[in-house]
Amino acid sequence: MYRIEGDSMNEYFSAWIDGELDKETADALYQQTQLDVTKQQDWSMCHLIGDAMRDHESLSADFMTKFNQRLAAEPILIAPQAAAVLNHAALSKRQSRWKTYTASAMASCAAVAVVGWLAISGAASTNPAVLANKTQPILSVAQKEGQARLVEYINLNQHSSGGMGSVDGVVQANFITPAQEQASLAEKTTSVPAASAQLAIGEQP
Amino acid sequence: MIASFARRDWTLILCLGLCIMQPVQAETLSKSAAEKWLLRVATASEKRNYTGVYTYQYAGQLENYRIAHVYDNKGVAEKREALDGPPKLLIRLDDNITLYLPDKIMPNLTRKSVTKLFPSILPEKPLDLLDNYRLQNMGTERIAGIEAQQMQFIPLDKFRHSYRLWVDPRSDLLVKAGMYDAKGLMIEQFTFTQFSVLDKLDRQSLALPNVVQQFAKTKTQTAKAQLLLNASDDWELKGVPEGFDLVSQNKRVLKGKKDQTVTHFVFSDGLSSVSVFLAPLSEDQAVLPRLNQRSQTRMAEKRAAEFEITVIGDVPEATVTQILNSITPRKKSQK
């Protein structure tokens, strides 16, 4: 039985999620996580990142704010750490090769998550309607149905003229439902600093 | 003395400047010059053999496609494939065009309705375009390693966007084409990143049966519509913007709702196209959301005679509105 400590913890978490760990290491990691609340939080954070990339429903609206705070608190990695940290006998060759590809699993995890989040929330959009969308993420069945029909119409319009592309999630953020329209009008009159709020997503505070 | 010298100097510089600017200055083509240019470019994209890779920019997305175009004694054979993302394929054998997508196959696309077959984006009868656009020579620009000639298509009314076409002066092949709104913002753009014009290209080299094979399990979901919009007992079509002809009509089954079949009409002026969808109203028919103004796609809709009519296109607002207004249910006074 051995202990996994410090920065390597997050790397092990990422490896665990990816199914890269052998049973012995995974068991050790599981037992340590059971004993430590901070590590449990780390573990759920790693899963949330995965969920963000799959547009999972469990993602709360303020996920990005929390995530930014966590990202700011992460130490800045000047040079990739040597594989020595992970040089445990239990690691197979395959795992150590995987290790060299990921300078810091947490950092790469983070970069991908930001990109994924931007794609979901409408890349670099300063549109109040898109932001308003976040405050009321749940669409009724009828709204979803209307939106799906409109997406099909737009795609059919593209394809009938020989276009091969399809609108995806990014473009879907461009739809306005009547409720969002009212919300966006309300935002305009109360002049919420929408643009600066959106900027925070791409940049460290 | 010095002052007068300086003034003459200044005039000289101005004259010189004007001389240098001359070739770059936009110049509207005469009708005969425009006709010659259109025919040359339309012919080159059909009757040359070429291969290449181009990017397609649309709605904030960028996609890469590979194209191979054969022209031999049998006619045109063309294959274009998406290079990234899910497999997408468009096969053209003369006027028989089929689009293969991961979730559907759309056969029998009419040549008239298909306006996005870069570099063959000019219609079959290119001269008709001069009824609705004038051509302006914009000088040259470097595209895909060559000095391409740039031509702007300026619409003569408010019902269409402007286009810019860049042409390889050696082969007359289109190397870049784009649609731009009144503010000059790009709506869509095709650009060759690499292309080769060849003397001969073997039809067999396209390996069409092999590439089609990967879509063997995909559903073909279209049927020719029986309903004729402009000659039906139920609908009257009056006041469609000049140049927009009804070029195709098909029945489409919508993905989400199994039973909902809509009739899809396409209007085109040769460069721009607009779709009209006729959906029978059900009791719990969901209201369509509105499109954001930031999106370049425009839509208009209304409910009439137990149908929901939706007009969608990458055209100015006025066009979708007018097409929507041009469709009215016939009054059935006899019944």
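Nothing in this text is a laboratory measurement; each read-out follows from the coordinates by a stated rule. No experiment lies behind these values; they were computed from the predicted model shown. Note that each Cβ is placed from the backbone with ideal geometry, even for glycine, and that neighbours are counted across all protein chains shown.
Numerical summary
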read-out: Other-chain or far-sequence residues with amide H under 5 Å of B:M138's (modelled H); value: B:Q150, B:M151, B:Q152
read-out: Pairs from B:K47/B:K112; B:K238/B:K302; B:K176/B:K200; B:K251/B:K302; B:K74/B:K251; B:K47/B:K116 whose Cα-Cα separation, in the structure shown, is over 27 Å; value: B:K74/B:K251
read-out: Region B:82-114 and region B:182-209: distance between their alpha carbon centers, rounded to Å; value: 14 Å
read-out: 3J(HN,Hα) from dihedral phi, region B:204-219, Karplus parametrisation 6.51/-1.76/1.60, rounded to Hz, x for glycine, proline; value: 4, 5, 6, 6, 4, x, 5, 5, 6, 3, 5, 9, 4, 8, 6, 6
read-out: Degrees, to the nearest 10: B:317-326 long Cα axis against longest axis of chain B; value: 40 degrees
read-out: Vicinal HN-Hα couplings computed from phi for region B:272-280 (Karplus, 6.51 cos²θ - 1.76 cosθ + 1.60; Hz; Gly/Pro x); value: 9, 9, 10, 9, 10, 10, 10, 10, x
read-out: Peptide ranges B:166-172, B:136-142 listed from the most packed, as the mean C-beta count within 10 angstrom indicates; value: B:166-172, B:136-142
read-out: Estimated 222 nm signal from helices in chain B, with DSSP H stretches of n ≥ 4 weighted -39500 (n - 2.57), rounded to 500; value: -5000 deg cm²/dmol
read-out: Net charge, B:Q214 excluded, C-beta distance under 12 Å - Lys, Arg +1, Asp, Glu -1; value: +1
read-out: Under Karplus coefficients 6.51, -1.76 and 1.60, residue-wise ³J(HN,Hα) of region A:144-149 in Hz, glycine/proline x; value: 4, 5, x, 5, 4, 5
read-out: B:K217 paired with B:K158, simple spin-label distance in nm, labels 7 Å along Cα-to-beta-carbon; value: 5.2 nm
read-out: Estimated inter-spin distance, B:L198 and B:K331, nm [label 7 Å along Cα→Cβ]; value: 6.3 nm
read-out: Shape call, chain B: gyration tensor on alpha carbons, a/c limit 1.5; value: oblate
read-out: Per-pair calculated FRET efficiency, R0 = 60 Å: B:R303 and A:I17 via Cβ, rounded to 0.05; value: 0.75
read-out: Which of A:Y30, B:Y56 has the fewest Cβ neighbours within 10 Å, and the rest in rising order; value: A:Y30, B:Y56
read-out: Environment charge of B:K200, counting only residues whose C-beta is closer than 14 Å and scoring Lys/Arg +1, Asp/Glu -1; value: +1
read-out: Approximate spin-label separation A:A142-B:K255, in nm, with each point projected 7 Å along Cα-to-Cβ; value: 2.4 nm
read-out: Gain upon complete extension [B:R294, B:K183; 0.36 nm per residue less C-alpha separation]; value: 38.7 nm
read-out: Residues with amide H under 5 Å from that of B:E236, placed H, sequence gap 5 or more; value: B:T328, B:R330
read-out: Percent of Cα pairs exceeding the 15 Å cut-off, where the set is region B:61-167; value: 73 percent
